[in-house]
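Written out below as structure tokens is the structure these notes cover.
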Amino acid sequence: MRRLTLRPNLVDFFSNDYLGLARNKKLYSLIDRKLSAQTGNINGSTGSRLLSGNSDYVEELELFFAKLFKSPKALIFNSGYNANLSILSAIPQKEDTIIYDELIHASLKDGARLSFAQRFSFKHNDLKDLEAKIQKAKGEVYVAVESVYSMDGDFAPLLEILELTTKYDAHLIVDEAHSTGVWGEKGNGMCCHLGIEDKVFARVYTFGKGIGAHGACIAGSELLIEFLINFARPFIYTTSLPLHSLVTLKVAFEYLEKEISLQAKIRSRIKLFRSLIEGSKILSPLIQDSSSPIQVLRISGNEKAKAAAAAVQNNGFDVRAILSPTVKEGEERLRICLHVFNTDEEIERLVKTLVESL
Ligand SMILES: Cc1ncc(COP(=O)(O)O)c(C=O)c1O
């Protein structure tokens with residue numbers, strides 16, 4: 001059974017706060033100062049975007065995001081869950097087909113379930129399977145992938161996937177949840193980093209992970225954004241984000257632009273962690289290939305994975321086991337998230353503890 005638990009006071013190797021922005025005191029003061037200067041509905045937005053919840057501030061922020069994410073338009077959503085639900089439930093029509101990587105996030109799967117389009121998955125990162133599925137698809141074809149996979153930390157082969165979607169005139173949707181902030185100039189994600197942003201039908205950026213805040217936005221064409229405003233029910237029928245969430249986003253991205261060395265810092269943490277793991281006879285066969293802050297040690301079996309997590313937690317580290325059925329049986333794991341605030345010494349101690357516990 002799932003249970004709500006409070007976070008223990010352990011070293012964080014678990015949260016999505018890769019760049020440490022959620023706990024950054026300097027950023028907090030900057031946000032506080034900006035907020036104090038605001039007027040208008042400062043506590044709540046008072047309604048949905050289409051009614052009383054629109055404002056100059058949110059429209060200006062969307063222009064800021066369109067520029068940042070190099071797209072004609074951007075539309076802000078209350079969460080990544082809402083954004084993903086919106087795009088797949090609103091855009092593909094009854095005669096169309098949604099094809100998604102089997103490992104995509106639940107929010108995209110739920111969006112596909114709400115759509116009247118046909119839907120099927122393709123094997124994780126398997127281009128042959130994707131091509132075979134596209135060849136069988138009817139109507140307009142939408143292919144949904146993540147740039148960095150949340151449970152495995154690996155990348156989608158975006159350039160190759162784009163080649164396929166271009167070849168078959170399919171529309172590519174990229175969920176950038178785990179690359180927002182961490183990749184790209186000014187933290188604008190993997191598609192911008194690869195220079196393919198204008199060839200992707202829709203990009204979903206979420207702000208609860210690398211940006212340390214909350215909310216999301218979809219970047220795409222004017223037509224896409226207009227369509228979402230008119231037909232995306234998770235956008236239309238909900239109270240929009242309050243001003244403090246919007247100010248937080250603006251200030252966090254401005255802060256990241258100035259402190260872009262945080263990206264190099266997280267990569268140095270990843271390099272250190274992987275070099276220590278690869279130097280261990282016990283751990284190196286268990287580690288999955290990943291150069292993202294999400295690192296996975298495969299420990300087959302729920303009981304074994306739970307015991308390993310408990311042993312690591314007893315030594316002061318917040319690391320969690322990911323069990324089946326969240327992942328397939330036999331693919332249970334310890335999911336370790338690295339952060340800029342994890343010191344070299346903490347990473348070394350974590351790896352030592354893992355060696356002793358496994
Ligand atoms: C890949 C992916 N997409 C979307 C989401 C949902 O984003 P949010 O937490 O902003 O609702 C998450 C995380 O929860 C995620 O990991």
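The values are calculated or read from the model by the stated rules, or taken from the named source; none is laboratory data. Keep in mind the model is a prediction, meaning the values are calculated, not measured. Cβ atoms come from the backbone with ideal geometry, glycine included; neighbour counts cover every protein chain shown. Areas reflect the complete protein model, heavy atoms only, side chains present, ligands, DNA and RNA absent. Shrake-Rupley method; radii C 1.70, N 1.55, O 1.52, S 1.80 Å.
At a glance:
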{"read-out": "Cβ pairs under 6 Å, 6+ apart, first in region 58-83 and farther than 12 Å from residue 246 by Cα and within 16 Å of the ligand (Cβ to nearest atom), second outside any strand (DSSP E or B) and hydrophobic (A, V, I, L, M, F, W, C)", "value": "74/65; 74/66; 75/225; 75/228; 80/177"}
{"read-out": "Any hit, region 121-129, residues being over 14 Å from residue 289 (Cα atoms), within 13 Å of the ligand (Cβ to nearest atom) and either part of a loop (DSSP other than H, G, I, E, B) or out of contact with any Ser or Thr (no Cβ under 8 Å at 6 or more places or on another chain) (or both)", "value": "no"}
{"read-out": "Looking only at region 203-259, and only at residues there that are among the aromatic types (Phe, Trp, Tyr) and part of a loop (DSSP other than H, G, I, E, B), the one that is nearest to the ligand (Cβ to nearest atom)", "value": "207"}
{"read-out": "The one condition in (1) open to solvent by 20 Å² or more (accessible area, probe 1.4 Å); (2) away from the ligand (no atom under 16 Å from the Cβ); (3) out of contact with any Gly (no Cβ under 6 Å at 6 or more places or on another chain) that residue 193 fails to fulfil", "value": "(3)"}
{"read-out": "Subset tally (residues that are of a type outside the set (Val, Ile, Thr), in contact (Cβ under 8 Å) with a residue 60 or more places away in the chain and part of a strand (DSSP E or B)) for region 172-195", "value": "1"}
{"read-out": "Residue list for region 128-179, filter: under 22 Å from the mean Cα position of the chain (by Cα), at pLDDT 95 or above and open to solvent by 50 Å² or more (accessible area, probe 1.4 Å)", "value": "155, 159, 160"}
{"read-out": "Cβ pairs under 6 Å, 6+ apart, first in region 94-119 and closer than 25 Å to residue 322 by Cβ and touching a residue at least 24 places away in the same chain (Cβ under 8 Å), second open to solvent by 70 Å² or more (accessible area, probe 1.4 Å) and part of a helix (DSSP H, G or I)", "value": "107/81"}
{"read-out": "Subset of region 327-350 [open to solvent by 10 Å² or more (accessible area, probe 1.4 Å) and among the β-branched types (Val, Ile, Thr)]", "value": "327, 340, 343"}
{"read-out": "Selection status of residue 272, open to solvent by less than 10 Å² (accessible area, probe 1.4 Å) and at pLDDT 95 or above", "value": "no"}
{"read-out": "Selection from region 297-345 of residues that are under 26 Å from residue 211 (Cβ atoms) and more than 25 Å from the chain's Cα centre (by Cα)", "value": "344"}
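Conditions tested, residue by residue: (1) over 23 Å from the mean Cα position of the chain (by Cα); (2) surrounded by fewer than 21 Cβ atoms within 10 Å (Cβ to Cβ); (3) farther than 28 Å from residue 142 by Cα.
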| position | (1), (2), (3) |
| --- | --- |
| 10 | yes, yes, yes |
| 36 | yes, yes, yes |
| 44 | yes, yes, yes |
| 55 | yes, yes, yes |
| 60 | yes, yes, yes |
| 76 | no, no, no |
| 81 | no, yes, no |
| 84 | no, no, no |
| 93 | yes, yes, no |
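Yes/no matrix, rows are residues, columns are (1) part of a strand (DSSP E or B); (2) touching a strand residue (DSSP E or B) at 6+ places or on another chain (Cβ under 9 Å); (3) over 19 Å from residue 235 (Cβ atoms):
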position: 95; (1), (2), (3): no, yes, yes
position: 99; (1), (2), (3): yes, yes, yes
position: 103; (1), (2), (3): no, yes, yes
position: 139; (1), (2), (3): no, yes, yes
position: 160; (1), (2), (3): no, no, yes
position: 163; (1), (2), (3): no, no, yes
